[in-house]
1. Under a 5 Å amide H to amide H cut-off, with H placed in plane at 1.01 Å, what residues pair with LEU518 once short-range neighbours are removed?
2. Long-range amide H contacts for ARG349: which residues qualify at under 5 Å (H placed 1.01 Å from N, peptide plane, sequence gap of 5 or more or a different chain)?
3. Place a label point 7 angstrom from the Cα of THR180 along the Cα-to-Cβ direction, then list the residues of segment 132-155 whose backbone nitrogen is under 18 Å away.
4. At 0.36 nm per residue, and after removing the present C-alpha to C-alpha distance, how many nm does the segment from GLU234 to SER517 gain when stretched out fully?
5. Could you tell me the center-to-center distance, by alpha carbons, between segment 71-121 and segment 524-563 in angstrom?
6. Send over the Kirkwood Rh of segment 98-197, from the inverse of the averaged 1/r over different Cα pairs, rounded to one decimal Å.
7. How big is the accessible area of VAL239 in square angstrom, nearest 10, if you roll a 1.4 angstrom probe over the protein chains?
8. Round to the nearest 0.05 the FRET efficiency obtained for ARG131 and ALA475 when R0 = 45 Å and r is the Cβ-Cβ distance.
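The values are calculated or read from the model by the stated rules, or taken from the named source; none is laboratory data. For clarity, every value in this text was computed on a predicted model and none was experimentally measured. No Cβ is skipped: glycine too gets one built from the backbone with ideal geometry, and neighbour counts run over all protein chains shown. With ligands, DNA and RNA removed, areas are computed over all heavy atoms of the protein, side chains included. Shrake-Rupley method; radii C 1.70, N 1.55, O 1.52, S 1.80 Å.
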Amino acid sequence: MTDQLSAPPSALVDPGVAAPASWWRDAVIYQIYPRSFADSDGDGIGDLPGIRSRLPYLRDLGVDAVWLSPFYASPQADAGYDVADYRTVDPMFGTLADARALLGDAHDLGLRVIVDLVPNHSSDQHEWFRRALAEGPGSPLRARYHFRPGRGADGELPPNDWPSIFGGPAWTRTTDPDGTPGDWYLHLFAPQQPDFNWDHPAVADEFRTILRFWLDLGVDGFRIDVAHGLVKAEGLPDVGVRTEWHLLDVGVSPCFDRDGVHDIYRSWRTILDEYPGERIAVAEAWAPTLGRVADYVRPDELHQAFNFSYLGTAWDAAAQRRAISESLAAMRQVGAPATWTLSNHDVVRHTNRLLQPDDGDVAGRRPAEVDPVAGLRRARAATLLLLALPGSAYLYQGEELGLPEVVDLPPEVRQDPAFHRATGQDGYRDGCRVPIPWAGDRPPYGFGPPGGASWLPQPASWAGLSVAAQQGDPASTLELYRAALALRRADPALGAADNLRWCAAPEGLLVFERGTSLRCTVNMSAGPIRIPRPGAALLTSGPADLSGAQVVIPADTTVWWAV
């Protein structure tokens, strides 16, 4: 697919016109990493029946929807992001009948379900790719991927200088059926994840049918993995630099954020709009600017795009205010809601990340040990800030329990494919993927049957962080999340309305109002700050005496006020 110009100005919206009300504009969406949520059969790996059994917990938490990371048939070279069959549930997670039952139960509980879609690449075990290798040069199936002859006298060098996100070259050489060295194939991630060639019409046709398959089954939308990566520059030119790429900060490149991706998403939007109930698509799109991210959510394209710019913002009042204002302004230009998130399955949990030194690493890929008390205090403050912002919020499983990043996993248990390569995207994503604790005083803490295991070891210190341990304790992080989500749902000012107004504040204090009913104050300084009490305190992220005419906001504390 060749690059196209961005949508014409007529496709944009008048920022002065109020956006229509839709469920996804202010939804709180909870990400489930299926391997690590709940294990029903005791094999140490979470599954769809396990998720289904815990859906009432999510309803009671107060979220609007869940997003499931991949559960398709896969060799699991990259935890399911290497898909062998997009229409089948991997046996480790259950069956297609389990998926139907999960969708039915979720809908009965008032929860919508979004599933991951991986269109940039498949597994090397996908039928198309296996046949392409077996049939050798000239196989028509090779045109559905990026096969190229190598450079050098005998084709011994990769076709270009692109590096893999996971380290090393983005090319692997094949062996022809007669045993001789053959062409190379492109994989921006692991060698087991060959990139599709979206210039080929069969690829586009296939994914349109995949969308319809899951929409017919009842899913409410899709989170699109590597949404910015489908289209490559014509001719696959060299980048001319010999540095590694990271998914989080690739900048301008010949294989990311090409204008041609927008044609794909316009065609997908027409399919989504055919179905009742406002089915949506969410872009995992890393782009050089917020304006480029906003291109993915123009009115005829996708509905939401993750706000990675905000995720990578330092804990600093000026930086936070700037990031929030710029995010709202960018989305306002296209009539889309801003999205806000602090953690996900690819980054260090914000209980650790927000306390780590700012070393230029956009999302804190390198986990560090931090003071757990200070880390949780700052994480709770950040959560109340996030939930007070206009738009849609994404929560990552376990953050409502205040789970820290697990930084001391031994090398032999790590499964992030980048960890086992010499260079690349750090390889430390396993620390945020450790199965969450539900109950009990020892592993697996109710994740699976007593005495069972978990695919990544859980810390011995997690007993006090389990759902059962926090349930009903008003000082717990779990009950803070429940209270905040209940207030957010009850107050119309905390919805999608673009009604944020900044207020004057001392240095280090971030203050804004939503409509005429709520004020949010966040102390991001190193010490306490005294201010006149602006109203009745509704919720606070940590202990504070807020009863007098003058109140003291402790460091790393957020307060919601009724004004």
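1. Result for LEU518 returns VAL563.
2. Answer set, sorted by chain and number: GLU405.
3. In segment 132-155, the label zone of THR180 (backbone N under 18 Å from the point 7 Å along Cα→Cβ) covers 133-139, 148-155.
4. 96.6 nm
5. If we compute the Cα centre of each part, the gap is 44 Å.
6. 15.4
7. Ignoring ligands and nucleic acids, VAL239 comes out at about 40 Å².
8. According to the calculation, E is roughly 0.15.
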